[in-house]
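The values are calculated or read from the model by the stated rules, or taken from the named source; none is laboratory data. Everything numeric in this text was worked out from a predicted model, so none of it was measured. A quick note on method: Cβ atoms are made from the backbone with ideal geometry, for glycine too, and the neighbour counts reach across all protein chains shown.
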Amino acid sequence: MNNPSFNGLSQPEANHIQLYSDPELFELELERIFYSTWVFIAHESEIPEPGDFKTTFIGRVPVLLTRDDDSNIHVLLNRCTHRGATVCPNEQGNTKQFVCAYHAWTYDLDGSLNAVGLPSGYNEGEVDYDSLSLQKVANTGVYRGFIFATMSESARPFDEHIGGVKKYIDYYCDLSPTGEITVGTTGIYKQKYEGNWKIQLEGSVEGYHVWHTHKNAIDVMAREVPLMKDYPRLPVKAYDLGFGHNIIENYTLTEEQVHQRWPADFIDSLVKAHGRQRAMDALKHRFNLVIFPNFALLEYHVRVIRPLAVDRTEVRTYHTSLVGAPEQMNQRRVREHEFFYGPAGFGGPDDYVIFDRIQQGYDAWGSQWVLFNRGYKSEQTDADGIRSGAHTQETQQRAPYYEYRQLMGISGTENKLEQLIPGAGRQGSQ
Ligand code: FES
Ligand SMILES: [Fe+2]
């Protein structure tokens with residue numbers, strides 16, 4: 001369905017600031033993106049035991065994830081079918097059932113209604129237990145423990161949706177000798193910033209700012225990973241993987257560098273578990289992966305973006321651990337993560353300051369456009385339609401908006417940047 005009032009606000013090389021500041025457009029994003037496509041909700045390791053549950057959100061919709069006594073996972077709407085209160089106010093825990101605090105309607109782990117408060121007040125036929133279970137989401141999909149859900153019956157098949165990113169999720173999980181990771185068991189923190197959710201989506205794969213915003217952190221990191229000294233000139237790339245998903249390679253190690261970076265017993269355990277090729281793929285590739293619209297997989301953590309309002313966003317950071325890896329490896333992952341992303345870290349907190357400033361800047365008079373044309377003219381497209389550019393260019397910032405325009409129905413006019421901003425085409429190429 002087309003939406004002419006927002007036509008032209010998202011262009012291949014730039015977005016209009018209205019895309020980040022219009023409350024009406026934000027409501028449409030919830031409907032057409034968050035309630036229409038696949039959204040990341042949890043990792044299986046967050047609810048490992050029967051009776052475990054977690055609450056989260058799809059857009060604004062409160063969601064309850066449970067694991068029943070047969071270990072099946074259920075993704076339910078966290079909304080009592082009586083008068084609508086959330087039935088579970090806690091973020092995580094273990095229980096046998098959920099009792100609504102208002103009138104004690106009681107639900108099993110699979111969402112079925114099994115009791116109501118003061119039942120004698122109901123006449124025969126006034127409570128139909130079978131039809132009053134907690135509602136399920138339209139569909140769920142799981143890949144290597146990562147659970148996605150959709151509110152829409154007509155979302156594309158999950159396997160097709162996730163097909164282009166599976167290779168990278170495999171690299172990530174194969175760093176564990178068992179092929180399994182845990183998400184959040186070694187730490188979670190939440191941040192809020194005063195800005196639009198798409199700023200974090202774009203910022204999760206931002207290679208251009210690294211050399212500027214994080215220059216001090218890079219200098220320190222280079223003691224551990226010497227090739228970072230030359231970050232802007234590394235021969236790594238960013239890719240548009242389709243359906244809004246995208247990736248930036250941070251660096252890629254040679255086999256010799258793998259041996260300098262990681263202990264020999266850890267490398268050997270991976271080679272033994274997965275074979276040489278798979279082990280080396282996992283050890284060599286360092287990247288940030290974005291799965292549109294709310295998920296990013298980074299070196300040591302998972303990032304989940306929750307839109308709160310057009311100018312307010314929550315980001316949850318879940319540290320990841322490698323099941324079966326030597327204890328000192330997992331500890332090292334915590335320390336290296338904290339160094340950059342921790343609440344007092346060298347890098348992550350600076351990003352949120354910048355995100356606030358970006359939103360503030362939308363209120364300034366002057367240019368109405370947010371540019372991401374860097375490298376547009378030299379962008380390459382391979383035989384499978386995968387677009388790519390250098391990691392410090394902006395292929396990865398452009399990537400989500402092909403899917404965005406499609407879902408939002410605002411794929412109308414597409415102007416060259418020169419038509420939007422006279423003289424923009426004469427910008428330098430560095
Ligand atoms: S609203 Fe939940 S029992 Fe009444
Ligand atoms: Fe950053």
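Determine, yes or no, whether Ala155 is in a loop (DSSP other than H, G, I, E, B), modelled with pLDDT of 95 or more and away from ligand 2 (no atom under 16 Å from the Cβ). Spell out the reasoning first.
Values: in a loop (DSSP other than H, G, I, E, B): yes; modelled with pLDDT of 95 or more: yes; away from ligand 2 (no atom under 16 Å from the Cβ): yes.
Here the answer is yes, as Ala155 does meet what is asked.
Kindly establish whether Glu299 is part of a helix (DSSP H, G or I) and modelled with pLDDT under 95.
Criteria not met by Glu299.
Would you check if there is a residue in region 184-203 being assigned by TED's automatic domain parsing to the domain that holds Pro400, under 19 Å from the mean Cα position of the chain (by Cα), away from ligand 2 (no atom under 16 Å from the Cβ) and over 30 Å from Arg357 (Cβ atoms)?
yes
Which residue, of Leu109, Leu9, Leu19, is surrounded by 20 or more Cβ atoms within 10 Å (Cβ to Cβ), within 27 Å of the chain's Cα centre (by Cα) and closer than 27 Å to Thr186 by Cα?
Values: Leu9 fails: closer than 27 Å to Thr186 by Cα; Leu19 fails: closer than 27 Å to Thr186 by Cα.
Going through Leu109, Leu9, Leu19 in turn, just one is surrounded by 20 or more Cβ atoms within 10 Å (Cβ to Cβ), within 27 Å of the chain's Cα centre (by Cα) and closer than 27 Å to Thr186 by Cα: Leu109.
In region 65-79, what count of residues is obtained for those that are over 28 Å from the mean Cα position of the chain (by Cα) and touching a residue at least 40 places away in the same chain (Cβ under 8 Å)?
From region 65-79, those over 28 Å from the mean Cα position of the chain (by Cα) are 69-70; that's our starting set.
Checking which are touching a residue at least 40 places away in the same chain (Cβ under 8 Å) leaves us with 69.
Within region 65-79, residues that are over 28 Å from the mean Cα position of the chain (by Cα) and touching a residue at least 40 places away in the same chain (Cβ under 8 Å) number 1.
Looking only at region 342-355, decide whether some residue is under 22 Å from Glu418 (Cβ atoms), surrounded by 12 or more Cβ atoms within 10 Å (Cβ to Cβ) and aliphatic (A, V, I, L, M).
Within region 342-355, none of the residues are under 22 Å from Glu418 (Cβ atoms), surrounded by 12 or more Cβ atoms within 10 Å (Cβ to Cβ) and aliphatic (A, V, I, L, M).
For region 3-34, how many residues are out of contact with any Leu (no Cβ under 8 Å at 6 or more places or on another chain) and in a helix (DSSP H, G or I)?
Of the residues in region 3-34, 13 are out of contact with any Leu (no Cβ under 8 Å at 6 or more places or on another chain) and in a helix (DSSP H, G or I).
On the basis of being modelled with pLDDT of 95 or more and farther than 14 Å from Leu19 by Cα, does Tyr376 make the cut? Quick ask: steps written out before the conclusion?
Numbers: modelled with pLDDT of 95 or more: yes; farther than 14 Å from Leu19 by Cα: yes.
Answer is yes for this residue.
Any idea which residue in region 115-141 is farthest from His74 (Cα to Cα), counting only those that are outside any loop (DSSP other than H, G, I, E, B) and away from ligand 1 (no atom under 13 Å from the Cβ)? Steps first, please.
So the first thing to find is which residues in region 115-141 are outside any loop (DSSP other than H, G, I, E, B), and the list is 115, 119-121, 129-131, 136, 139-141.
Imposing the further condition that a residue be away from ligand 1 (no atom under 13 Å from the Cβ) reduces the set to 120, 129-131, 136, 139-141.
Numbers: Ser120: 30, Tyr129: 18, Asp130: 17, Ser131: 17, Lys136: 8, Asn139: 10, Thr140: 9, Gly141: 11 Å.
Among residues in region 115-141 that are outside any loop (DSSP other than H, G, I, E, B) and away from ligand 1 (no atom under 13 Å from the Cβ), the one farthest from His74 (Cα to Cα) is Ser120.
Restrict the check to region 239-248 and report whether at least one residue is within 15 Å of ligand 2 (Cβ to nearest atom) and either in a strand (DSSP E or B) or assigned by TED's automatic domain parsing to the domain that holds Thr313 (or both).
Taking region 239-248 first, the residues within 15 Å of ligand 2 (Cβ to nearest atom) are 248.
Those left that are additionally either in a strand (DSSP E or B) or assigned by TED's automatic domain parsing to the domain that holds Thr313 (or both): 248.
Within region 239-248 (the criterion being within 15 Å of ligand 2 (Cβ to nearest atom) and either in a strand (DSSP E or B) or assigned by TED's automatic domain parsing to the domain that holds Thr313 (or both)), the answer is yes, since at least one residue qualifies.
Given the conditions (1) away from ligand 2 (no atom under 16 Å from the Cβ); (2) out of contact with any Cys (no Cβ under 9 Å at 6 or more places or on another chain); (3) part of a helix (DSSP H, G or I); (4) of a type outside the set (Ser, Thr, Tyr), and given that Arg306 satisfies all but one, which numbered condition is not satisfied?
(3)
Which residues, taken from region 48-98, are of a type in the set (D, E, K, R), part of a loop (DSSP other than H, G, I, E, B) and within 30 Å of Arg312 (Cβ to Cβ)? Outline the logic, then answer.
Let us first name the residues in region 48-98 that are of a type in the set (D, E, K, R), namely 49, 52, 54, 60, 67-70, 79, 83, 91, 96.
When the remaining residues are screened for being part of a loop (DSSP other than H, G, I, E, B), the result is 49, 60, 68-70, 79, 83, 91, 96.
Within region 48-98, Arg60, Arg79, Arg83, Glu91 meet the criteria.
Is it fair to say Phe287 is in contact with a helix residue (DSSP H, G or I) (Cβ under 9 Å, 6 or more places away or on another chain) and modelled with pLDDT under 95?
On the way: in contact with a helix residue (DSSP H, G or I) (Cβ under 9 Å, 6 or more places away or on another chain): yes; modelled with pLDDT under 95: no.
Judged against the criteria, Phe287 is not a match.
Which residue out of Arg333, Arg278 is of a type in the set (Lys, Arg), in contact (Cβ under 8 Å) with a residue 12 or more places away in the chain and surrounded by fewer than 18 Cβ atoms within 10 Å (Cβ to Cβ)?
On the way: Arg333 fails: surrounded by fewer than 18 Cβ atoms within 10 Å (Cβ to Cβ).
Answer to the check: Arg278.
Suppose we filter region 99-113 for residues that are away from ligand 1 (no atom under 13 Å from the Cβ) and not in a loop (DSSP other than H, G, I, E, B); how many remain? Walk me through it before giving the result.
So in region 99-113, the residues away from ligand 1 (no atom under 13 Å from the Cβ) come out as 108-112.
The next check asks that each one be not in a loop (DSSP other than H, G, I, E, B); those that pass are 108.
Within region 99-113, residues that are away from ligand 1 (no atom under 13 Å from the Cβ) and not in a loop (DSSP other than H, G, I, E, B) number 1.
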